[in-house]
Amino acid sequence: MALQEVTQRIFTVRRPSSLALELEGFLLDCRSRNLAAGTLRFYEQKLHPLLDWLEQRGVIAADEIKALHLRAWLVELTNTAHTPGGVHAFYRAAKAFCTWLEEEGSVEVSPMKRVRAPKLPEEQLEPVSIDDVRAMLATCDSGRLLDLRDAAILLALLDTGCRAAEFTALSYGDANLKTGALLIRSGKGRKPRMVFLGVTSRRALLKYIRKRGEPQDGEPLFATDEGGRFSYFGLRSVIERRAEQAGIEPPTLHSFRRAFALTCLRNGVDVYSLQRLMGHADLSVLRRYLAQTEGDLRRAHERGGPVDRLI
């Protein structure tokens, strides 16, 4: 629905009379606060199913939503092949919506205040294997433009720890090819930050730029075959194609970010610097990326275990 139509409906009704209209008001508030497009998509994708579920059970107004409804909804999500992380995402969206309903006066107290968050298991997030990265790089050895580009992409994904959306948004003017600094103009929460390419990644990028021809500042740093900007799926297809050529299972784009975090930790980067490089608001999020292997913990014990130092 167009923004103008949403606004007209809200202002021509004295008080929203349906959950659908309440949701339109919530999304309009999100837009007015200039929340990121990804955040808006997240709320739309998670909240429309909730409203459909409630309306099927006769709940059509905000003040009719009870904690019991929301608990039953979460249980149904759990029982219909959703992962614990997926169920938790639905919970977060519903909590934000219900908090807004309370702030707007549509309900006296958010019903989510009495609904506890689903417990998340402590999952180890697997990084891309460095051997797999080497195998994919070995398929990019012809010196052709496509090979030079894909090699630069593989190295830059691993060396910067960028989110996929941040990576595809990079423009030529965001890169300092002398220092390796890359400006992320709008990270999560629309916060800018700097990430960096090391010497090896910088050389690969320079080879690609020389073969491609120096682009204008606003043009994408990594361009598609047609010279445009990569979409998420286009970037993923690069990785999938190289993995197929290397004879390995395709790693996810996010697994490069995990490998960046874990490798930095193993190489002595302090967690506060790593937090800033990865663009995390707090350390609680970072901890999920830093699930260490048994070998990491064994080496830590070898360095600091007290008994071996008694004698």
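Assorted remarks:
- In region 277-300 there is no residue matching the filter, namely being open to solvent by 100 Å² or more (accessible area, probe 1.4 Å), at pLDDT 70 or above, in contact with an Asp or Glu (Cβ under 9 Å, 6 or more places away or on another chain) and in a helix (DSSP H, G or I).
- Residues located in region 70-81, provided they are surrounded by 16 or more Cβ atoms within 10 Å (Cβ to Cβ) and over 25 Å from residue 104 (Cβ atoms): 77
- The residues in region 209-233 that are within 24 Å of residue 143 (Cβ to Cβ), part of a helix (DSSP H, G or I) and touching a residue at least 40 places away in the same chain (Cβ under 8 Å) can be counted, and the count is 2.
- Counted residues, region 162-179 - those being surrounded by fewer than 18 Cβ atoms within 10 Å (Cβ to Cβ) and assigned to a loop (DSSP other than H, G, I, E, B): 4
- Screening region 36-62 for residues that are in contact with a Leu (Cβ under 9 Å, 6 or more places away or on another chain) and either among the acidic types (Asp, Glu) or without any contact (Cβ under 8 Å) to a residue 12 or more places away in the chain (or both) and picking the one that is farthest from residue 190 (Cα to Cα) gives 55.
- Answer from 174, 147 - the residue that is without any contact (Cβ under 8 Å) to a residue 60 or more places away in the chain, over 23 Å from residue 278 (Cα atoms) and of a type outside the set (Gly, Ala, Ser): 147
- Helices (runs of 4 or more DSSP H) contained entirely in region 65-159, each with at least 2 residues that are under 24 Å from residue 25 (Cα atoms): 67-78, 84-104
- Residues satisfying the stated conditions in region 134-152, i.e. in contact with a helix residue (DSSP H, G or I) (Cβ under 6 Å, 6 or more places away or on another chain) and either surrounded by 22 or more Cβ atoms within 10 Å (Cβ to Cβ) or closer than 14 Å to residue 222 by Cα (or both): 136, 140, 145, 148, 149, 150, 151, 152
- Residues of region 225-247 satisfying the condition of being more than 16 Å from the chain's Cα centre (by Cα) and open to solvent by 40 Å² or more (accessible area, probe 1.4 Å): 225, 226, 227, 229, 237, 240, 241, 244, 245, 247
- Residue within region 98-120 that is of a type in the set (Gly, Ala, Ser) and crowded, with 16+ Cβ neighbours inside 10 Å present: yes
- Residue within region 189-203 that is part of a helix (DSSP H, G or I), open to solvent by 30 Å² or more (accessible area, probe 1.4 Å) and small (Gly, Ala, Ser) present: yes
- Inside region 16-69, residues that are surrounded by 13 or more Cβ atoms within 10 Å (Cβ to Cβ) and polar (S, T, N, Q) make up a count of 2.
- Pick from region 94-141, criterion polar (S, T, N, Q) and modelled with pLDDT under 95, ranking: nearest to residue 21 (Cα to Cα): 106
- Any hit, region 34-42, residues being in contact with a Lys or Arg (Cβ under 9 Å, 6 or more places away or on another chain), within 20 Å of residue 102 (Cβ to Cβ) and assigned to a loop (DSSP other than H, G, I, E, B): yes
The values are calculated or read from the model by the stated rules, or taken from the named source; none is laboratory data. Keep in mind the model is a prediction, meaning the values are calculated, not measured. Cβ coordinates were reconstructed from backbone atoms using ideal geometry, including for glycine residues, and neighbour counts include every protein chain displayed. Surface areas here come from the heavy atoms of the whole protein model, side chains and all, with no ligands, DNA or RNA. Shrake-Rupley method; radii C 1.70, N 1.55, O 1.52, S 1.80 Å.
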